[in-house]
Amino acid sequence: MTYILALSIIAMLSLLSHYFVQSIVAEQEATARVVNLAGRQRMLSQRITRMAGEAARTPSSPLDQDYTTLIETLLSAHYALMHGSVGLHIPEPKSAAIKNIFMAEPYNLDRTINIFAELARQLGLSGFSGKNQTAYMKS
C-alpha cells in the first residue's frame, strides 16, 4: 500500500512539474513575440524615415503604396503591443509600468507613434514642401 501511495505522489508531482514548465514556456514564447514585434516597429520606423529622406533628396520620386503600407503596418503593430492581439498571439500588457510607457508622460509612446504616423501620412499625400519638411524634422 505504501508503495502505491509513493508512486501516486511521484506521478502527481511529475504532472504538476510538467504543467509548470509548460506554462513558463508559453509565457516565454509570448514575451518573445512581443520583443520581436517591438523590434519590427523599430525597423518599420527606420524604413519610413529612410523613404521620406529619399523623397526629400529627390522630390521627383513620389512616395508610393509601399510607404503607406509601412505606416499602416506600424500602426497596427503599435495597437497590438498596446492592447494585445489574438491573431498575432500578443498578450495585453498587464504591468502598470508598461501601460504608463504607452499612455503617460514622460514617454507617452502612443502619442509619439501617432504623431510620427500622421506626419508620415501627410508627407505621403503632399510630398516635401517647406512646411512639411520643417514639421517632419522637428518631430
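None of the figures in this text is laboratory data; all of them are computed from the coordinates on show. Being a predicted model, the structure only gives us computed values, none of them experimental. Reconstructed Cβ throughout: ideal geometry from the backbone, glycine too, with neighbour counts over all protein chains shown.
When you have a sec, figure out the Kirkwood radius of the chain from all distinct Cα pair distances and drop it here in Å to one decimal? Write out the running numbers ahead of the final one.
Values: mean 1/r = 0.0550 Å⁻¹.
Mean inverse Cα-Cα distance, inverted, gives 18.2 Å.
With a Förster radius of 41 Å, plug the Cβ-Cβ distance of residue 100 and residue 125 into 1/(1 + (r/R0)^6) and report the FRET value to the nearest 0.05.
0.80
So for the chain, taking the charge dipole from beta-carbon charges (+1 Lys/Arg, -1 Asp/Glu), which of 80, 18, 123 sits furthest toward the positive end?
123
Once you keep just the Cα pairs under 8 angstrom separated by 6 or more residues, what percentage relative contact order results for region 30-138?
27 percent
With charges only on Cβ, +1 for K and R and -1 for D and E, what is the dipole size of the chain about its Cα centre, in debye, rounded to 20?
I would put it at about 360 debye.
Place a point 7 Å from Cα of residue 92 in the direction of its Cβ. Which residues in region 18-56 have their backbone N less than 18 Å from it?
Residues passing the 18 Å test: 30-31, 34.
How do the peptides 77-90, 99-112 rank, highest first, by the average count of neighbouring beta carbon atoms within 10 Å per residue?
Answer by packing, highest mean first, reads 77-90, 99-112.
May I ask which residue of 55, 114, 67 lies farthest towards the positive end of the charge dipole of the chain, with charges of +1 (Lys, Arg) and -1 (Asp, Glu) on Cβ and the Cα centre as origin?
My answer, from the dipole projection, is 55.
Based on Cα coordinates alone, diagonalise the gyration tensor for region 25-64, multiply each eigenvalue by 5, take square roots, and list the semi-axes in whole Å, largest first.
35, 7, 4
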